[in-house]
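Notes follow once the structure below has been shown.
The values are calculated or read from the model by the stated rules, or taken from the named source; none is laboratory data. These numbers were taken from a predicted model, which means no experiment stands behind them. As a convention, Cβ positions derive from the backbone with ideal geometry for all residues, glycine included, and neighbour counts pool all protein chains shown. Side chains included, ligands, DNA and RNA excluded: accessible areas come from the protein's heavy atoms. Shrake-Rupley method; radii C 1.70, N 1.55, O 1.52, S 1.80 Å.
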Amino acid sequence: MPISLLRVYRILLEHYGPQGWWPVARHAGEPGFDKNGYHPNIWRIPKTEEDRWEILTGAILTQNTSWKNVELALVALRAEGISAASDVLSLTESKLASLIRPSGYYNQKAKRLRSFAAWLNARPNPADPPARKELLSLVGIGPETADSMLLYAWNQPVFVVDLYTIRLLTRLSIVSTEEIPMQPIRRYEHVQKSILSRLSRSPVSSQERLRLYTEMHALIVRHAKEHCAARPKCAQCPLGRYCPSQSPSP
Ligand code: SF4
């Protein structure tokens with residue numbers, strides 16, 4: 001019998017503590033925020049439309065790059081006074097591309113960011129969460145980006161799946177590798193459905209669910225970086241005793 005997802009969550013939370021996602025760099029160093037904008041004990045984020053815009057921008061810029069590179073691009077945007085969709089639309093695409101250059105694929109991301117800004121700017125109320133389907137119809141917004149936006153920028157209880165999640169859950173035998181489709185979007189939907197059907201059996205309130213999804217994704221990323229990497233470092237892994245894939249100590 002594989003370990004339950006809730007147990008995984010509790011073990012990782014106890015081991016690593018709250019992760020304070022999604023970081024909002026514009027608040028870095030303020031009370032409750034660390035120097036990179038992580039906020040482990042503040043749940044009501046985004047506080048403002050500028051915060052929401054920064055989270056949405058980060059979700060697009062982080063595609064295929066590390067967060068460190070995204071931070072550099074966000075700093076450059078802030079230095080230029082870009083803190084809303086309308087600010088992005090006032091820039092030429094080449095100027096925007098030069099500002100976000102550190103995030104990589106900057107010409108492609110400038111196109112995506114401008115098209116996303118135009119869509120957001122045309123909405124009557126940017127604080128209203130959009131339908132997932134609507135986000136997925138936008139240029140360059142796939143399931144992981146859409147779900148990250150819904151969860152962290154609009155506080156919707158959506159479970160974000162990434163490669164770290166798939167790797168951890170298959171290693172723990174929570175999700176069976178044989179059942180996972182090869183096609184990326186079908187794989188994403190399959191793993192997400194399988195997680196949700198397991199979690200739906202757990203007695204958690206909708207508020208707890210939001211907190212669980214917000215924290216769980218961040219904890220899985222942390223765990224992948226510290227232990228469950230492509231070449232896992234199983235020694236001292238907090239999930240080791242529950243993991244059928246634990247590699248023997250060197
Ligand atoms: S024991 Fe190893 S394979 Fe299993 S979760 Fe930990 S790091 Fe990953």
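Taken over the alpha carbons of the range 121-250 as equal point scatterers, the Debye sum produces base-10 log I(q)/I(0) values at 0.12, 0.23 Å⁻¹ of -0.53, -1.47. Between PRO130, PRO23, PRO203, the GNM of the chain built on Cα springs shorter than 10 angstrom shows PRO203 fluctuating the most. Among residues other than GLU93 with Cβ under 10 Å from its Cβ, the summed charge is +3 (Lys and Arg +1, Asp and Glu -1).
Computed on the Cα trace of the range 25-153, the radius of gyration divided by the Kirkwood hydrodynamic radius gives Rg/Rh = 0.93.
Considering only alpha-carbon pairs that sit under 8 angstrom and 6 or more positions apart, the relative contact order computed for the range 25-153 is 25 percent.
For THR48, the solvent-accessible surface with a 1.4 Å probe is about 60 Å², rounded to the nearest 10.
Here the Gaussian network model covers the chain, with springs between Cα atoms less than 10 Å apart; of ALA146, ALA84, ALA131, ALA131 fluctuates the most. Ellipticity at 222 nm from helices only: DSSP H runs of n ≥ 4 in the chain, each -39500 (n - 2.57), divided by the residue count, give -15000 deg cm²/dmol.
About its Cα centre, the dipole of the range 1-57 is roughly 220 debye, where the only charges are +1 on Lys and Arg Cβ and -1 on Asp and Glu Cβ.
The loop-placed GluC sites (Glu not before Pro) in the range 43-111, going by DSSP, that have at most 16 neighbouring Cβ atoms within 10 Å of their Cβ come out as GLU80.
Compared with the rule-of-thumb size 2.2 N^0.38 Å for a compact globular protein, the chain has a Cα radius of gyration ratio of 1.04. Structure remark: mean-square fluctuation, Gaussian network model of the chain, C-alpha springs under 10 Å; the largest value among LEU150, LEU61, LEU239 belongs to LEU239. Taking all protein chains into account, the per residue accessible area for the range 25-153 stands at 47 Å² (1.4 Å probe).
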